[in-house]
Amino acid sequence: MTLDEKIGMVRGVGQFSSRCVGNISPPSRSFVVSGTNITIPPLCFNDGPAGIRLGGSNVTGFPPAINVAATFNRSMMYARGVAIGEEFRGKGIHVYLGPAVDIMRNPKAGRGWEGFGPDPYLGGEGAYQTITGVQSVGVSACTKHLGPYNQEHWRYGLDVNVDDRTFRELYWWPFMKSVEANVSALMCAYNQVNGTSSCHNAALIGEEGYLRSEGFQGFVVSDWGATHDSAADNANAGLDMEQPGDYILIGGGVYAGLEAAIDLGEVTEARLNEMVTRILTPWLRLGQDQGFPETNFNAQDPDGTDALNLNVNVRTDAHTALVRQIGSASAVLLKNNRTTTTGTTIRGLPLSKSIKTIAVVGQDAQQLNLDCGGGLNECNDGTMIIGWGSGSNNVEFTVPPIDAITDFVQDFATVSSDITSNDLTGGPAVAEGKDLAIVFANAMSGELGFYNIVDGNEGDRNDLNLWWKGGSLIEDVAAVCNNTVVVIHSVGPVPMSSWNNHPNITAIIYAGAPGEQTGPALIDVLWGAVNPSGRLPFSIDDDEASYGTSIVYGIDPFPVIDYTEGLFLDYRYMDSQDITPVYEFGYGLSYTTFSYSSLSVEASASSASFSFVLTNTGSVEGAEIPQLYLGFPSSAGEPDKVLRGFDNIFLASGEKQTVTVTVSQKEMSIWDVVSQAWVVPSGTFNVYIGASIKDIRLTGTFTI
Ligand code: BGC
């Protein structure tokens, strides 16, 4: 390739000049390499982590990562990756801009739902499975955003001050797992880390940095407009590609100067060759040079109607079924006070067909506004299935709860509803005297983008509260109906203690952000076709102070944010401070019960394995999520319990199974800053196996 051709490979074509959210200008000629004719197409980069955004019509609205995290089910994480990959491939997208693996450092973080929550191990498993799934169908994944990038306010320039060990063990962990999964690309973030902007931070992305030392062989692409320094600075620091290639209000466009930098000798041609090689290698490795569909949509046309949008149908029945399955598998049953008469449920869950009069209350039950924010879903208007920003998807099609409920019960019950707004008079009025009231409430957040504000929230939530007086609506409905079932759709924790113990509230489902099949997925859980097995991927508490971190809102200029909490986020912090949350990490009920017995431990310095017997002791089949928490030797300075394993075990009533959970050497290690290596600390480890961080059923120890 000529110099110009190489520069065309590493530079975006501009925010508004591509059919995809990002693209490059490949050489216009073909090459013969080892007898094979190679023509490089424009490489299409597109959002988002939960399915195609701006992709014309006929795409599936998958649930975001926070919900697949709540399934604690690796095969579902993988299946979601495969299905998303198939849709990206079908639209001719070479690079899937996901998964997002940013740790939910604070529960109000605007983009927390795009990732897998506050726990690095769960995030690492989610990243690994998603990438393996997406890449199995020949689409490149691009893990983002390195990072750490954990709040929206001031994201274009805030400076994260994080120590080496905290970075390695928490924020880096899912990126490390991404490299293990052979991820093709990685996106650097807008913000600075330890005083240097992420995309020119050699400690992160350079030759000797974290990423390349881990063995990463793909390319690093800038977040859109995240190049804040000169072409030479970025290229020499390790940035392989700049997107979108021009200046988009917040920055960028620096690789326009790359040719001059090379002429001046500031960047070597060898470095440019390396950049091009890193970009082309995944394209060849995944076979995208053979039979990859041409790009057939136009991201510049959010409503999908212009001539460049061929509206190729990438939806399939299997994808729809999978979204419904993840929706029900991620629903977390937080409370269930069931009353039965001769075997039939009359209050609580699962619902029976003897329930004849049903009230549906709350605007979160109704169809959402399918056309808001020009491809960014920037409103909370109707049921909440995904947050806003680039992590949203097309939000083109959804089955809202009201439709699914009305349809499902038509032969045996009547539905009355008050759902056009959260009406504190109309809602209770419709609920009074009914056999059952299902009350819906939600909370939403998203990406800052170009300083967009949704009902006063600039990306990050302003507070933890339910939106649109949702908490008051729940209380007022519960006051008049003694069989009130609460359904929460939220991007993260919301306060519950003012109503969760109300005797008239017989059940609470935390359904998160379930994607387009939200209604059918809920029906499956409510009427018991699916026994709930979702578990909280974060702790729920009323008080933000219980989380030990905060969002920095209103200071100017760009703040320096010190991650002084170190390793102590979410349940790790609460445990260390003896804070009992309203519902803890890993918690979730089932319609059946499980017992744990006979723990055996086999451990050496290179791995450990833990076996125990799990029995379904209840009367219906269902899945249990046994969790393994490790207590490191006290000299190690770790939180008391850290998640290091989980499984998803489906058992018939009365069935038992021996479950084995293994932990690798790295998972038994801490990052030793002195030796700059993962080291297994010597001493006695405690092993905790149970149904949540607080519901430990078996304990053991081993000594290294
Ligand atoms: C977001 C990225 C996204 C990109 C392209 C940025 O503002 O931070 O996550 O992939 O835009 O839309």
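The values are calculated or read from the model by the stated rules, or taken from the named source; none is laboratory data. Treat the numbers as computed from the prediction; the structure is a model and nothing was measured. With ideal geometry, Cβ positions are generated from the backbone for all residues, glycine too; neighbour counts draw on all protein chains shown. The area values use the complete protein model at the heavy-atom level, side chains included, leaving out ligands, DNA and RNA. Shrake-Rupley method; radii C 1.70, N 1.55, O 1.52, S 1.80 Å.
Being more than 25 Å from the chain's Cα centre (by Cα), within 15 Å of the ligand (Cβ to nearest atom) and of a type outside the set (Val, Ile, Thr) holds for only one residue in His200, His228, and it is His228. Residues that are in contact (Cβ under 8 Å) with a residue 12 or more places away in the chain, within 16 Å of the ligand (Cβ to nearest atom) and either under 28 Å from the mean Cα position of the chain (by Cα) or open to solvent by 10 Å² or more (accessible area, probe 1.4 Å) (or both): does region 406-427 have at least one? Within region 406-427, not a single residue is in contact (Cβ under 8 Å) with a residue 12 or more places away in the chain, within 16 Å of the ligand (Cβ to nearest atom) and either under 28 Å from the mean Cα position of the chain (by Cα) or open to solvent by 10 Å² or more (accessible area, probe 1.4 Å) (or both).
Tallying residues that are in contact with an Asp or Glu (Cβ under 8 Å, 6 or more places away or on another chain), open to solvent by 10 Å² or more (accessible area, probe 1.4 Å) and over 25 Å from Leu567 (Cβ atoms) within region 89-107 yields 0. Do we find that Ser692 is at pLDDT 95 or above, within 19 Å of Glu125 (Cα to Cα), in contact with a Gly (Cβ under 7 Å, 6 or more places away or on another chain) and small (Gly, Ala, Ser) in this structure? Against the criterion (at pLDDT 95 or above, within 19 Å of Glu125 (Cα to Cα), in contact with a Gly (Cβ under 7 Å, 6 or more places away or on another chain) and small (Gly, Ala, Ser)), Ser692 qualifies. Condition check for Phe568 on (1) out of contact with any Lys or Arg (no Cβ under 7 Å at 6 or more places or on another chain); (2) surrounded by 15 or more Cβ atoms within 10 Å (Cβ to Cβ); (3) more than 28 Å from Met496 (Cβ to Cβ): one failure, at (3). Taking the numbered list (1) farther than 25 Å from Asn686 by Cα; (2) at pLDDT 95 or above; (3) over 26 Å from the mean Cα position of the chain (by Cα) in turn, Ala511 passes all entries but (3). Residues of region 35-69 that are under 23 Å from Gly8 (Cβ atoms) and away from the ligand (no atom under 14 Å from the Cβ): Thr36, Asn37, Ile38, Thr39, Ile40, Pro41, Pro42, Leu43. Can you name the residue in region 23-59 that is small (Gly, Ala, Ser) and surrounded by 24 or more Cβ atoms within 10 Å (Cβ to Cβ) and, of all such residues, is farthest from Thr130 (Cα to Cα)? So the residue we want is Gly56. Scanning region 254-268 for residues that are open to solvent by less than 10 Å² (accessible area, probe 1.4 Å) and touching a residue at least 60 places away in the same chain (Cβ under 8 Å) yields Tyr255, Leu258.
Counting the residues of region 271-292 that are part of a helix (DSSP H, G or I) and open to solvent by 70 Å² or more (accessible area, probe 1.4 Å) gives 3.
Residues that are aromatic (Phe, Trp, Tyr) and touching a strand residue (DSSP E or B) at 6+ places or on another chain (Cβ under 7 Å) do not occur anywhere in region 540-551. The residue that is farthest from Gln151 (Cα to Cα), counting only those in region 468-492 that are out of contact with any Pro (no Cβ under 9 Å at 6 or more places or on another chain) and assigned to a loop (DSSP other than H, G, I, E, B), is Asn483. Scan region 680-697 for residues that are in a loop (DSSP other than H, G, I, E, B) and in contact with an Asp or Glu (Cβ under 9 Å, 6 or more places away or on another chain) and the total you get is 6. The residue of region 13-22 that is nearest to the chain's Cα centre (by Cα), among those that are away from the ligand (no atom under 12 Å from the Cβ) and surrounded by 17 or more Cβ atoms within 10 Å (Cβ to Cβ), is Arg19.
Filtering region 121-156 to residues that are more than 16 Å from the ligand (Cβ to nearest atom) and part of a loop (DSSP other than H, G, I, E, B) leaves Val137, Gly138. Inspect all residues belonging to region 512-526 and state whether any of them is closer than 14 Å to Val332 by Cβ, crowded, with 22+ Cβ neighbours inside 10 Å and of a type in the set (Val, Ile, Thr). Yes, because at least one residue in region 512-526 is closer than 14 Å to Val332 by Cβ, crowded, with 22+ Cβ neighbours inside 10 Å and of a type in the set (Val, Ile, Thr). For region 293-310, a residue qualifies if it is open to solvent by less than 30 Å² (accessible area, probe 1.4 Å) and among the hydrophobic types (A, V, I, L, M, F, W, C), and the qualifying residues are Phe297, Ala299. When Val139, Val162 are screened for being buried (at least 24 other Cβ atoms within 10 Å of the Cβ), touching a residue at least 24 places away in the same chain (Cβ under 8 Å) and aliphatic (A, V, I, L, M), only Val139 passes. Restricted to region 193-218, and to residues that are touching a residue at least 60 places away in the same chain (Cβ under 8 Å) and touching a Ser or Thr at 6+ places or on another chain (Cβ under 9 Å), which residue is surrounded by the fewest Cβ atoms within 10 Å (Cβ to Cβ)? This residue is Gln217.
In this structure, is Arg29 modelled with pLDDT of 95 or more, touching a Leu at 6+ places or on another chain (Cβ under 9 Å) and assigned to a loop (DSSP other than H, G, I, E, B)? When the stated conditions are applied, Arg29 does not pass them.
Are any residues in region 62-77 crowded, with 24+ Cβ neighbours inside 10 Å and touching a helix residue (DSSP H, G or I) at 6+ places or on another chain (Cβ under 7 Å), and if so, which ones?
Correct list: Phe62, Pro63, Pro64, Ala65, Ile66, Asn67, Val68, Ala69, Thr71, Asn73, Met77.
Of all residues in region 434-457, those that are closer than 21 Å to Asn422 by Cα have Cβ atoms under 8 Å from Cβ atoms of residues that are open to solvent by less than 10 Å² (accessible area, probe 1.4 Å) and among the aromatic types (Phe, Trp, Tyr), 6 or more apart or on another chain, in Met444/Trp388; Ser445/Trp113; Ser445/Trp388; Val454/Trp388.
Consider region 457-485 and keep the residues that are under 27 Å from Gln15 (Cα atoms) and of a type outside the set (S, T, N, Q). The one that is surrounded by the fewest Cβ atoms within 10 Å (Cβ to Cβ) is Glu458. Taking region 231-253 as the range and being in contact (Cβ under 8 Å) with a residue 40 or more places away in the chain, open to solvent by 10 Å² or more (accessible area, probe 1.4 Å) and either more than 12 Å from the ligand (Cβ to nearest atom) or within 19 Å of Val276 (Cα to Cα) (or both) as the test, only Asp246 passes.
Does Pro118 satisfy the condition of being in contact (Cβ under 8 Å) with a residue 12 or more places away in the chain and either more than 12 Å from the chain's Cα centre (by Cα) or under 21 Å from Val21 (Cα atoms) (or both)?
No.
Report yes if some residue within region 108-120 is part of a helix (DSSP H, G or I), touching a strand residue (DSSP E or B) at 6+ places or on another chain (Cβ under 9 Å) and open to solvent by 10 Å² or more (accessible area, probe 1.4 Å); otherwise report no. No, that holds for no residue.
What do you reckon, is Lys335 part of a loop (DSSP other than H, G, I, E, B) and either basic (Lys, Arg) or on the phi > 0 side of the Ramachandran plot (or both)? It is false that Lys335 is part of a loop (DSSP other than H, G, I, E, B) and either basic (Lys, Arg) or on the phi > 0 side of the Ramachandran plot (or both).
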